[in-house]
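Undergrad: Below is a structure I'd like to ask you about.
The values are calculated or read from the model by the stated rules, or taken from the named source; none is laboratory data. The structure displayed is predicted, hence computed values, not measured ones. Cβ placement follows ideal geometry from the backbone for every residue including glycine, while neighbour counts extend to all protein chains displayed.
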Amino acid sequence: MNPHGGWVGKILRIDLTSRKISELSTFNYVPKFLGGRGLGAKICWDEVPPGVRAFDPENRLVIATGSLQGTLAPTSGRFMVLGKSPQSAPTESFCRSGVGGHFAPELKWAGYDALIIHGKSSKPVYLWITDGKAEILDATRLWGLDTYQAQQMIWKLHGNKTRVMIIGKAGENRSRIACILTDSGDASGQGGFGGVMGSKNLKAIAVRGSRSVDVAKPKELMKLTHHIQRLFSRKSLKSNPYEPEERGFKYNVWGGGYGRGSLSLLPGELLDLCNEPSSGYSQTPDGCFACPVSCRSHVKGPDITNGVAFCAQSYMYLESMIHQPEKGYSKITWQAAKLADLLGINAYELMAIIPWLSDCYRAKLLTEEETGLPLKEIGSWRFISILLHKIANREGFGDLLAEGGQRAAAKLGGKAEELSFIYYPRAGRFGGFREHWVYLGGFPTGYAVPPLALMWVLDNRDAMVSHSYISMLWGAAFTVGQNALTAVPEKIFPILKPVMKAAYGSEDAAEFFQSDGKSLNWKWTAPVVKRYHEHSLLKDSYILCDILFPYLFNANSPDHVGDTTLESRLYSAVTGVEMGEEESYRKGEMLCTLERAIAVRDGRTRRDDTLHGLYFEREDAGGRMYHREDLERSKSEYYRLMGWDPKTGIPTASTLERLGLKEVAEDLEKRGFFGRKP
Amino acid sequence: MAKEFNRRALLRGLTLSALGVGGVVAFGDLLEVLAFPNGQKVALAKAVIFTDKKLCSGCRICEMVCSNFNSGGRNSSSLARISVEKEYLKGDYQPKVCYQCADPPCLKACPVGAIRVDRLKGTYARIIDERVCIGCQECVKACQQYFRPPRSRFDPQRKKAIKCHLCSGDPQCVKFCPLGALRVERSERGFLVGYPVIQED
């Protein structure tokens, strides 16, 4: 019997080549594969064999929601975009990207848990999905418009309650770093799926739904939601929405150092303007669907592009702050991020490309004449606007950069490529993405933290966007009055101990270097990273927000211990399928192994799980170093814990069968992956 | 009796003059029952949800908690008795709640008298008696003349009209709004709000 809550039961398949639209049952995949990332991984395993290239019509663009989307469950506005990624380099491989905002609930209310899009339309089209119906409509007039204009056109046609996933110029021109945007700034950036949409001649996906998502235990869900709201935020009745009502209460976002309205963290010209009522500028907290925190800011002003600011968008053009230090976070910084949104370029990738260009220019590897970019004035508005337009239109040097920083660097080769390693730390054939590397443990600028290194080598994208582990480090740092960049490990260990014990089973996991202070402690690395991956897979499959879940660090209690049962309890309340915490970790393990199997089929082996040499050559701020042998030993231990062959990093047949992935085992067997020499 | 008659006459006069100058809420403090020129007499609501759109972040938790609580776990924006009207690019978010109008168009439009004042719970909210409702949607149309989106809506699955009933005195949207953009005000004397004081929203 199918569960009676959560999923709406149908997946829509759209073949753009034949213009055929069909439906299949979600229950072919769930509850086994949970939804979201798990569902998408299974679909890609079934339908995207290794030979398919990212821009081939046969590639699938999977838009997947989870069981919680469209319900009251906190942060249930998120969904996942999956498929073979054009951005991962040098090998195109299966990848995922999470998006917030308000698109996911609308899709569920329209009657679909997920979309599988394949084929290629002969002319520009967009999808219009509403209440159990889907149509492929002509998008000739939308093609070439920026993401805001095109959305406005669609709202004129289908009403402004329609939510739209849309690509800009960059996606149309099949940039490998193109994002898919929704509303004023929520985007599927990682993976470059905007380019996949462009390659299918698909400009937009518009959805509007008036149906509902059934919740199995509504009362339970309300109780749980109220509990979670009380953990993360407090009411601020009639007072400043940025200040939690209760004295001393901290929003539990990233360990309490963060809260409502992210712009308030970025001092400078723009914030000053927003704080001045007569200026005409303002910023207000802006919530993703069903979020109790609303960590984004919606920024408005007479001569800037309005929209939400968050994270990558906020920090994209830091060079402008160096260019005009007296202005700090200025209108240029803001407008640069918005221009990337309008053109549909992944801001996160630009955070690597821009400093890398700057490094190359300083090392005299690139000149202004050769690139056609005003490299002398990196940080200015002129530079960023020329750069972004060139990338989006694939003009001149922009054509190379539209391939993504890593591919561009590889093409240039030599010293220029070496300079890129600091921004793209993973070596091997599954490298690829700009990383959240500038953290505490933001080696080489900060401290070396062994679990972060292992997380990084095992992924094929920005590995740390599941902030769970990081948020503990941050939270501990904030608690002792430091921040992510200034934290000193010795000071935060005592705070981390009880938290690590609750989250990963051992107090010792908190100490990431030996008591002599000279060498790193790798002992707990593998088990910590295994649990981290399980958390991450579950959070992306239910689907919940990266920033709030898993809830490992409580900024407001004396021992700071969070609660790891929240996600599975939400899942149980919404779907009516009982899920214990331990059981959920087995699911996470299974999905992680499935993703590994896809990577293996794409050609990934143990040898691809590594970092560039420079990470083993430098000392961190505490004088400690990563050693290759240590990393290799932790890898072996991790593979063993996961039931993968430590020699090859390939999941073993018996593990796959134990996890209920018999078909995967058979396929890998057929392709001769078992018993291979490393 | 004479006293009551006088009072009613006074009220009528007050109402008319109030409408003449564009409507003022404050003098509702004096009143419990308002009589309108058409002779209709409806007790004023003693609890009303007020919104502060400046605080709203547009997260729509109010919509979800409403539909989850009042529609038996069917979560949907279209079943919510409160709705957030959003201009996504402009960042303009307005929670739209039922005013529990002083002279409720929905109540007057209902052909079967399914809408009544909730005296039992003491909120005096205008509520729909589901057992009586025939799903004709006259109340939706009546509300729509003044308020968009209409505050009473139609539940196509159950074929009944639905509207805000202040959750029998404990409005869940107010309880769950994480930004405090909603608040419930109570007054024993009742509130003179909604139609006819506000004729468009």
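Undergrad: Restricting to region A:49-98, name every residue that is of a type in the set (S, T, N, Q) and on the phi > 0 side of the Ramachandran plot.
TA: Selection gives A:THR75 alone.
This table checks each residue for (1) hydrophobic (A, V, I, L, M, F, W, C); (2) within 17 Å of A:ARG426 (Cβ to Cβ); (3) under 28 Å from the mean Cα position of the chain (by Cα); (4) outside any helix (DSSP H, G or I).
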{"site": "A:GLU582", "(1), (2), (3), (4)": "no, no, yes, no"}
{"site": "A:LEU591", "(1), (2), (3), (4)": "yes, no, yes, no"}
{"site": "A:LEU594", "(1), (2), (3), (4)": "yes, no, yes, no"}
{"site": "A:ALA597", "(1), (2), (3), (4)": "yes, no, yes, no"}
{"site": "A:ARG607", "(1), (2), (3), (4)": "no, yes, yes, no"}
{"site": "A:LEU614", "(1), (2), (3), (4)": "yes, yes, yes, no"}
{"site": "A:LYS635", "(1), (2), (3), (4)": "no, yes, yes, no"}
{"site": "A:LEU656", "(1), (2), (3), (4)": "yes, no, yes, no"}
{"site": "A:VAL664", "(1), (2), (3), (4)": "yes, no, yes, no"}
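Listed here are the residues, each with its yes/no results for (1) at pLDDT 95 or above; (2) touching a helix residue (DSSP H, G or I) at 6+ places or on another chain (Cβ under 7 Å); (3) under 18 Å from A:GLY5 (Cβ atoms).
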{"site": "A:LYS20", "(1), (2), (3)": "yes, no, no"}
{"site": "A:GLU23", "(1), (2), (3)": "yes, no, no"}
{"site": "A:TRP45", "(1), (2), (3)": "yes, yes, no"}
{"site": "A:THR65", "(1), (2), (3)": "yes, yes, yes"}
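Undergrad: Right, here's the next one. Any idea which residue in region A:130-173 is farthest from the other protein chains (Cβ to nearest Cβ), counting only those that are β-branched (Val, Ile, Thr) and part of a helix (DSSP H, G or I)? Spell out the reasoning first.
TA: Going through region A:130-173, the residues β-branched (Val, Ile, Thr) turn out to be A:130, A:136, A:140, A:147, A:154, A:162, A:164, A:166-167.
Checking which are part of a helix (DSSP H, G or I) leaves us with A:147, A:154.
Values: A:THR147: 10, A:ILE154: 12 Å.
This residue is A:ILE154.
Undergrad: Provide a single number: the residues in region A:77-115 that are of a type in the set (Val, Ile, Thr) and surrounded by fewer than 24 Cβ atoms within 10 Å (Cβ to Cβ).
TA: Result for region A:77-115: 1.
Undergrad: Oh, and also: If you take the residues in region B:167-187 that are in a loop (DSSP other than H, G, I, E, B) and away from every other protein chain (no Cβ under 11 Å), which one is surrounded by the fewest Cβ atoms within 10 Å (Cβ to Cβ)?
TA: So in region B:167-187, the residues in a loop (DSSP other than H, G, I, E, B) come out as B:170-171, B:177-181.
Next, from what is left, pick out any that are away from every other protein chain (no Cβ under 11 Å): B:170-171.
Values: B:ASP170: 13, B:PRO171: 28.
So, considering only residues that are in a loop (DSSP other than H, G, I, E, B) and away from every other protein chain (no Cβ under 11 Å), the one surrounded by the fewest Cβ atoms within 10 Å (Cβ to Cβ) is B:ASP170.
Undergrad: I've got another one for you. Look at region A:242-290 and say how many of its residues are part of a helix (DSSP H, G or I), buried (at least 20 other Cβ atoms within 10 Å of the Cβ) and either within 14 Å of chain B (Cβ to nearest Cβ) or at pLDDT below 90 (or both).
TA: 6
Undergrad: Which one of the conditions (1) within 24 Å of A:GLY287 (Cα to Cα); (2) part of a strand (DSSP E or B) does B:GLY190 fail to meet, given that it meets all the rest?
TA: For B:GLY190, the failing item is (1).
Undergrad: Return a yes/no flag: does region A:594-607 have any residue that is in contact with a Pro (Cβ under 6 Å, 6 or more places away or on another chain) and either under 30 Å from A:VAL488 (Cβ atoms) or free of Cβ contacts under 8 Å to residues at least 60 places away in the same chain (or both).
TA: Yes, that holds for at least one residue.
Undergrad: Here is a further query. Among the listed residues B:ILE115, B:ILE128, B:ILE134, B:ILE82, which satisfies the condition of being closer than 22 Å to A:CYS291 by Cβ, touching a residue at least 12 places away in the same chain (Cβ under 8 Å) and among the aliphatic types (A, V, I, L, M)?
TA: Details: B:ILE115 fails: closer than 22 Å to A:CYS291 by Cβ; B:ILE128 fails: closer than 22 Å to A:CYS291 by Cβ; B:ILE134 fails: closer than 22 Å to A:CYS291 by Cβ.
Result: B:ILE82 is the single residue among B:ILE115, B:ILE128, B:ILE134, B:ILE82 that is closer than 22 Å to A:CYS291 by Cβ, touching a residue at least 12 places away in the same chain (Cβ under 8 Å) and among the aliphatic types (A, V, I, L, M).
Undergrad: Which number in (1) assigned to a loop (DSSP other than H, G, I, E, B); (2) touching a strand residue (DSSP E or B) at 6+ places or on another chain (Cβ under 9 Å); (3) closer than 24 Å to A:LEU419 by Cβ marks the one condition that A:LEU365 misses?
TA: Condition not satisfied by A:LEU365: (2).
Undergrad: For region A:403-413, which positions are over 25 Å from the mean Cα position of the chain (by Cα) and on the phi < 0 side of the Ramachandran plot?
TA: Correct list: A:LYS411, A:LEU412.
Undergrad: Restricting to region A:372-402, what's the tally of residues that are more than 28 Å from the chain's Cα centre (by Cα) and crowded, with 21+ Cβ neighbours inside 10 Å?
TA: Residues in region A:372-402 being more than 28 Å from the chain's Cα centre (by Cα) and crowded, with 21+ Cβ neighbours inside 10 Å: 1 in total.
Undergrad: Could you please tell me which pairs satisfy a Cβ distance under 9 Å, a separation of 6+ or placement on different chains, a first residue in region A:39-51 that is assigned by TED's automatic domain parsing to the domain that holds A:VAL81 and crowded, with 20+ Cβ neighbours inside 10 Å, and a second residue that is assigned to a loop (DSSP other than H, G, I, E, B) and at pLDDT below 95?
TA: From residues that are assigned by TED's automatic domain parsing to the domain that holds A:VAL81 and crowded, with 20+ Cβ neighbours inside 10 Å, the pairs are A:LEU39/A:VAL30.
Undergrad: Among the residues of region B:90-108, write down those that are surrounded by fewer than 21 Cβ atoms within 10 Å (Cβ to Cβ) and either at pLDDT 95 or above or within 14 Å of chain A (Cβ to nearest Cβ) (or both).
TA: Correct list: B:LYS90, B:ASP92, B:GLN94, B:LYS96.
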